[in-house]
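Working notes for the structure below.
Read-outs throughout are calculated quantities, based only on the coordinates presented, and are distinct from any laboratory measurement. Model, not experiment: these values are computed from the prediction. Using ideal geometry, Cβ is built from the backbone for each residue, glycine included, and neighbour counts are taken over all protein chains shown.
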């Protein structure tokens, strides 16, 4: 079987089984992730190192193959027929090629379809500011951001720019003009694309991931200068996110960044996907809304107090993770055991039950 036929067969299996990820590697059978669990594709033969390299080479543009050989890793997107797109990472494992492919459905879903809180709608209505979706890898951050961007697309006439590595969800223009730039293809890096955005009459910017000081600095500046900026970070909660951003800057700049964040931050949404009793996954979440109390804590370097403010500010729309998990248990959506695994403060979680 040719490399492209092997890949096509495996991608069809991911889609038909309701999977989220596919792992292809030498010396073993492929594996797919369904509802958070990895399952071997036992009916498939063990792949050789020649096959895995040929599969990756069949989908990497020829002009980027040298980049893979140099860096030993590559990120790209791959369109599978008209069914779906996949985010692909190719990498080396003990001298052989392996691939991790994440399914990205063609259609974005609404907040209700994703079981997300309706209050997220508020953050799509601002004209400027900074909103972050955070959490570990594989917890649905990109899907949540896509729902927010598409809501703006449906309701406002704006120029929306996404900067991604690679482009994941592809948006069809509705009320808005949408341009999607892919790092390494349309721009050399996130920072350069952000700097260029200041000259492109952009209203809304979505940065797929803030990986370095230069990108974070440009994103904060954009949020201060009349743009509505959305992005992601691999952090666990709101307080940690603010600390991570500030710590990325040199010590002599950190006080200024605190002032900038205190003024430009709109909110931080942290989410986890928890196994659902009825099957599949459902999000639990924390939502920080930047009010006067939060702004003061950021400015005065008292981020260790932020979690307590979130926990006691539900009347203002804030949501803490442990309360969200407890509510899922009370509704019969998830088991206590699964909820407990994701609890931020186990004693607080127990008190909510």
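What separates the Cα centres of the range 222-300 and the range 47-76 is a distance of 35 Å.
Helix 62-71 axis versus longest C-alpha principal axis of the chain: approximately 70°, rounded to the nearest ten. Using the rule -39500 (n - 2.57) for each DSSP H run of four or more residues, divided by the residues of the chain, the 222 nm mean residue ellipticity is -11000 deg cm²/dmol.
Between residue 314 and residue 291, the simple label model (points 7 Å from Cα in the Cβ direction) yields a spacing of 1.4 nm. Seen from every direction in turn and averaged, the convex hull around the alpha carbons of the range 3-105 projects onto 6.2 nm².
Each of the peptides 23-29, 217-223, 86-92 was scored by the mean count of other Cβ atoms within 10 Å over its residues; in descending order, highest first, they stand as 217-223, 86-92, 23-29. A Förster radius of 22 Å combined with the Cβ-Cβ distance from residue 247 to residue 224 puts the calculated FRET efficiency at roughly 0.65.
The stretch between residue 304 and residue 5 holds 102.4 nm of extra length on full extension. This uses 0.36 nm per residue minus the Cα-Cα distance.
The convex hull around the C-alpha trace of the range 210-349, projected and averaged over every direction, spans 9.1 square nanometres.
Remark: spin-label model distance residue 337-residue 16 equals 3.2 nm, labels positioned 7 Å along the Cα→Cβ axis. Computed from the Kirkwood radius of its Cα pairs, the Stokes-Einstein diffusion coefficient for the chain at 10 °C and 1.306 mPa s stands at 74 µm²/s.
Computed from the Cβ-Cβ distance with R0 of 30 Å, the FRET efficiency linking residue 65 to residue 195 stands at 0.55. Using alpha carbons only, how many degrees (0 to 90, rounded to 10) separate the axis of helix 321-330 from the longest principal axis of the chain? Tilt of helix 321-330: around 70 degrees.
For the chain, the share of DSSP beta bridges that are antiparallel, to the nearest 5, is 60%.
Sorted from greatest to least, the principal axis extents spanned by the alpha carbons of the range 147-251 come out as 42, 28, 26 Å.
If a paramagnetic tag sat 7 Å from the Cα of residue 119 along the Cα-Cβ line, which residues of the range 248-272 would have the backbone N under 12 Å from that point? Within reach of a label on residue 119: 267-270.
The ellipsoid that matches the Cα gyration tensor of the range 96-148 has semi-axes, each √(5λ) in whole angstrom, of 26, 14, 10, with the longest given first.
Across all directions, the average flat footprint of the convex hull enclosing the Cα atoms of the range 54-163 is 9.3 nm². Using Cα atoms only, what is the angle between the long axis of helix 49-59 and the major principal axis of the chain, expressed in degrees (0 to 90) to the nearest 10? Long axis of 49-59 versus the principal axis of the chain: about 60 degrees. A simple spin-label model places the labels of residue 126 and residue 100 3.0 nm from each other, with each point 7 Å out along Cα-to-Cβ.
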